[in-house]
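Inspection log for the structure reproduced underneath, given as structure tokens.
The values are calculated or read from the model by the stated rules, or taken from the named source; none is laboratory data. In this text the structure is predicted, and so the values were computed from the model without any measurement. Positions of Cβ are generated from backbone atoms using ideal geometry, with glycine treated the same way; all protein chains shown enter the neighbour counts. With ligands, DNA and RNA removed, areas are computed over all heavy atoms of the protein, side chains included. Shrake-Rupley method; radii C 1.70, N 1.55, O 1.52, S 1.80 Å.
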Amino acid sequence: LNVNQMGNLLKVLTCTELEQGPNFFLDFENAQPTDCERDVWNQVNAVLQDSESILSGLQAYKGAGQEIREAIQNPNDMILQERAWNSVCPLVIRLKKLYGFSLRLERALQSLLESLTCPPYTPTQHLEKEQALAKQFAEILHFTLRFDELKMRIPAIQNDFSYYRRTISRNRINNMNLDIEREVNNEMANRMSLFYAEATPMLKTLSTATTNFVTENKTLPLENTTDVLSTMASVCKVMLETPDYTCRFNSEDTLLFCMRVMVGVIILYDHVHPNGAFNKSSKIDMKGCIKVLKEQPADNVEGLLNALKFTTKHLHDESTPKNIRSMLQ
């Protein structure tokens with residue numbers, strides 16, 4: 001059975017008697033939007049189209065550490081001050097662009113949540129009917145984890161930005177010419193500063209967006225949102241632990257994609273559900289999910305296990321079973 005013959009993204013393959021309900025194969029490789037999905041799909045696609053260039057921009061980020069150090073060590077050497085300032089300004093413009101992308105991503109996520117949670121359908125029915133939107137939701141999570149993994153390795157970002165802010169306030173006192181303030185004014189600098197201070201800024205953006213979505217839609221039960229997340233987590237888990245499914249992936253990348261998405265929805269669920277993802281009442285089989293990750297080559301999953309360890313909210317709650325905590329030690 002090749003992927004194309006399978007046709008639609010969500011085939012209900014087996015309906016087990018277990019609590020997790022139906023198991024699907026999510027065709028992350030080939031889902032195409034139906035007419036009902038097209039408007040939201042186009043809107044989200046316009047954002048996702050830029051995600052690769054955002055990641056490569058972040059990957060290529062070389063800080064101005066050297067120039068800043070020299071300027072600080074020689075405060076009276078105007079040439080070095082100038083050189084540091086001229087190195088930092090274009091970097092700040094680039095950081096503004098990355099921050100701006102997080103705001104676009106937030107809006108895209110909220111449109112997807114609206115589509116994937118609205119009554120009268122269950123999350124399972126939504127994911128079946130709106131396969132291409134489910135895939136986009138997965139792509140946003142995939143992007144987010146990659147962005148945050150990269151950002152964690154670039155301490156220069158915060159150093160560059162705080163140097164920029166110090167210099168700006170000093171220059172304000174000296175009435176120097178600050179063209180860049182039109183690009184990054186004080187309020188924008190404050191918001192960017194909060195964003196980059198986060199260990200995982202994109203994840204923080206998404207969990208805040210999801211939490212806001214839930215609080216703003218008073219009439220929509222919280223379960224509608226968290227069930228979409230837990231259903232996606234179990235779908236990814238079942239796909240990863242079932243050789244009959246994994247052998248259908250055309251590319252090794254799809255396996256990694258699946259793992260990142262599973263971890264992404266777990267973290268979101270943990271931030272949005274009042275009891276989190278780890279306790280016994282959680283609709284996510286955490287033990288099964290962690291086990292699946294641990295069966296993969298360590299290089300592929302180290303970052304993901306760390307994300308579960310360090311970016312979830314409820315792992316260290318009293319209610320988290322000890323065996324789950326020790327699996328993540």
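For this structure, a couple of remarks:
- Residue in segment 269-279 that is within 21 Å of GLU241 (Cα to Cα), touching a residue at least 24 places away in the same chain (Cβ under 8 Å), of a type in the set (Gly, Ala, Ser) and open to solvent by 10 Å² or more (accessible area, probe 1.4 Å) present: no
- The combined condition, being in contact with a Ser or Thr (Cβ under 6 Å, 6 or more places away or on another chain), surrounded by fewer than 22 Cβ atoms within 10 Å (Cβ to Cβ), touching a residue at least 24 places away in the same chain (Cβ under 8 Å) and not aromatic (Phe, Trp, Tyr), is not fulfilled by GLU139.
- The residues listed here are THR231, THR210; of these, the one that is within 18 Å of the chain's Cα centre (by Cα), part of a helix (DSSP H, G or I) and over 29 Å from GLN158 (Cβ atoms) is THR231.
- When ASP227, ASP253, ASP244 are screened for being open to solvent by 20 Å² or more (accessible area, probe 1.4 Å), farther than 21 Å from GLN136 by Cβ and charged (D, E, K, R), only ASP244 passes.
- Against the test of being among the polar types (S, T, N, Q) and either free of Cβ contacts under 8 Å to residues at least 40 places away in the same chain or open to solvent by less than 60 Å² (accessible area, probe 1.4 Å) (or both), the options GLN59, GLN73, GLN43, GLN32 yield a single qualifying residue, GLN73.
- Members of segment 152-207 that are open to solvent by less than 50 Å² (accessible area, probe 1.4 Å), at pLDDT below 90, of a type in the set (A, V, I, L, M) and assigned to a helix (DSSP H, G or I): ILE168, ILE180
- Residue check, ALA108 at pLDDT 95 or above and farther than 30 Å from TYR269 by Cβ: no
- Residue in segment 38-60 that is within 20 Å of ARG166 (Cα to Cα), among the small types (Gly, Ala, Ser) and either modelled with pLDDT of 95 or more or over 18 Å from the mean Cα position of the chain (by Cα) (or both) present: no
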